[in-house]
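The values are calculated or read from the model by the stated rules, or taken from the named source; none is laboratory data. Keep in mind the model is a prediction, meaning the values are calculated, not measured. Positions of Cβ are generated from backbone atoms using ideal geometry, with glycine treated the same way; all protein chains shown enter the neighbour counts.
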Amino acid sequence: MMKRIIERLPEERQCDLWHWIDHERQQNRRRRIRRLGEGAHAVTYTLRGFDERRCIFVHIPKAAGISVAMALFGNLAGGHHTARHYRVVFGRDFWSYFKFTFVRNPYTRLVSAYEFLRSGGHPAWRNNQRFRDEVLSEYANFEDFVLRWLKPRKQWREPHFRPQHEFVELGGRLVMDFVGRVERIDDDFATVRDRLGIQAQLERLNPTKEKHGTLGDHYANDAVVRRVQDVYAKDFELFGYPPRPPI
């Protein structure tokens, strides 16, 4: 009953209430260190760096997030969580911390996500392999996957295909202080680094290793282009990317 009542409130008020109701849990989330995987493929997550640097990094999948997080924090920070999630975890601190993200052209991000998961994804993330085996295996190729699976959804089983704006909005408005772009990542990373007042070197980590054809090959069918335009319409509008593939 309480959950249904809270969900009727404006999103900002919902976040305030959930932070207050689960305050101890949120404090534990800010302190804990979590490790996944084994050996060379082990990864570490912790939000401690956010409090230390008074910042929040929203990591959008397949938009250089691992490279950025490792360079700034030495770990994967919070993973693929949304601004709403961090608003609940950090409470009012969310508004005083420097909030930033990196976005990518929806066309290149979609291909990168598809090829990344088709090859099995990251060894530490078992859900990547499950998505490949249970979903991607049902489709002959990228075109088949886009036309038969990709569509607007309220719930996304795999965050790699979730529209980027959903990661960085709260109550329908963009709440980032800075939005960098993968297409100019060196300059935009330098902006973030200077804003945080630290020395950090950006390395290219977790690239999509296996690619089947060029970007033009993936978007040779106009029906595929129209589907991408439809599913990621707000990403094109909000981040100013051209509606046609960059080919």
All positions within the stretch 7-16 that are without any contact (Cβ under 8 Å) to a residue 24 or more places away in the chain and exposed (fewer than 15 other Cβ atoms within 10 Å of the Cβ): GLU7, ARG8, LEU9, ARG13
Of all residues in the stretch 152-188, which are basic (Lys, Arg) and modelled with pLDDT of 95 or more? ARG162, ARG173, ARG181, ARG184
For the stretch 147-247, list the helices (runs of 4 or more DSSP H) that sit wholly inside it and hold at least 2 residues that are closer than 17 Å to PRO106 by Cβ; which are they? 165-168, 215-218, 222-231, 233-239
Has the stretch 205-217 got any residue that is touching a helix residue (DSSP H, G or I) at 6+ places or on another chain (Cβ under 7 Å), exposed (fewer than 12 other Cβ atoms within 10 Å of the Cβ) and in contact (Cβ under 8 Å) with a residue 12 or more places away in the chain? yes
Can you tell which of GLU138, GLU237, GLU134, GLU203 is closer than 30 Å to GLU11 by Cα and among the acidic types (Asp, Glu)? GLU237
Looking at the structure I just gave you, is ASP217 modelled with pLDDT under 95 and not assigned by TED's automatic domain parsing to the domain that holds LYS99? yes
Residues (part of a helix (DSSP H, G or I) and not charged (D, E, K, R)) located in the stretch 108-120: THR108, LEU110, VAL111, SER112, ALA113, TYR114, PHE116, LEU117
Criterion first (closer than 13 Å to PHE102 by Cα and of a type in the set (Ser, Thr, Tyr)) does THR214 satisfy it? no
Among residues of the stretch 82-107, those that are in a loop (DSSP other than H, G, I, E, B) and either surrounded by fewer than 19 Cβ atoms within 10 Å (Cβ to Cβ) or in contact with an Asp or Glu (Cβ under 7 Å, 6 or more places away or on another chain) (or both), counted: 5
Is it the case, given these coordinates, that PHE178 is surrounded by 19 or more Cβ atoms within 10 Å (Cβ to Cβ) and either under 30 Å from MET70 (Cβ atoms) or touching a Gly at 6+ places or on another chain (Cβ under 7 Å) (or both)? no
Using the structure shown, decide if ALA71 is under 19 Å from LEU202 (Cα atoms) and outside any loop (DSSP other than H, G, I, E, B). yes
Right, PHE73: under 12 Å from the mean Cα position of the chain (by Cα) and modelled with pLDDT of 95 or more or not? no
Selected residue (criterion: farthest from ARG31 (Cα to Cα)) from residues of the stretch 51-65 that are assigned to a strand (DSSP E or B) and touching a residue at least 60 places away in the same chain (Cβ under 8 Å): VAL58
Name every residue in the stretch 24-42 that is part of a helix (DSSP H, G or I) and either touching a residue at least 60 places away in the same chain (Cβ under 8 Å) or not assigned by TED's automatic domain parsing to the domain that holds LEU174 (or both), in order of residue number. GLN26, ARG29, ARG30, HIS41
Which one of ALA77, ALA83, ALA71 is touching a Phe, Trp or Tyr at 6+ places or on another chain (Cβ under 6 Å), of a type outside the set (Phe, Trp, Tyr), in contact (Cβ under 8 Å) with a residue 12 or more places away in the chain and in the same structural domain as LEU196 (by TED's automatic domain parsing)? ALA77
